[in-house]
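Written out below as structure tokens is the structure these notes cover.
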Amino acid sequence: MRKYVLLLILAWSIGLAATAQSYKNRPCYMFGLAASFNDSTIYVTDIQHLDGAWLYNHEMFLFGRDQYAYQLRDALKVLGFANPTVSIFFSKKKKEIEKKYLKMKKRYSKNGAYNIKYLSTQDFLFSAQKPDDVLVNAKDDKPEKK
């Protein structure tokens, strides 16, 4: 019986933590990487500065990350790159994103096994994704400390 009560309390607390997210409009840097399991071609975008990015959960997560991936995927499909698997990388600090960018570039250019194609900002540009007004205006319902 104690196990069930503890599990119930744990599930309840996880549910509260998940709903207590505050969304903040912050500038960030991001780039995308697309690969295919059928091809050795890798597409990498330039590092882009995005003013209208929305971060949540102590600014650790990017809202609409899947939508950014869909933007890049759709742009690559127009270029003829079928069935890409897209990854989005972001950071609030330019140095951190540059470090991630160089790490990915080094990983895929190591043995010359991949054909890396770069997409400049003239070829592709991310557009900001905004959460619903209900999420943005929601306030955290934390009990006041005594």
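The values are calculated or read from the model by the stated rules, or taken from the named source; none is laboratory data. Small disclaimer: the values here were computed from a predicted structure and weren't measured. When we count neighbours, we look across all protein chains shown, and the Cβ atoms used for this are built from the backbone with ideal geometry, even at glycine. Heads up: the accessible areas ignore ligands, DNA and RNA and are worked out on the full protein's heavy atoms, side chains in. Shrake-Rupley method; radii C 1.70, N 1.55, O 1.52, S 1.80 Å.
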Top-ranked residue in region 74-125 [being of a type in the set (D, E, K, R) and part of a loop (DSSP other than H, G, I, E, B); ranked as nearest to T41 (Cα to Cα)]: K110
Residue that is most open to solvent (accessible area, probe 1.4 Å), among those in region 63-88 that are among the hydrophobic types (A, V, I, L, M, F, W, C) and over 20 Å from Y23 (Cβ atoms): V78
Selection count, region 44-70, where residues are touching a Ser or Thr at 6+ places or on another chain (Cβ under 9 Å), under 28 Å from N83 (Cβ atoms) and aromatic (F, W, Y): 1
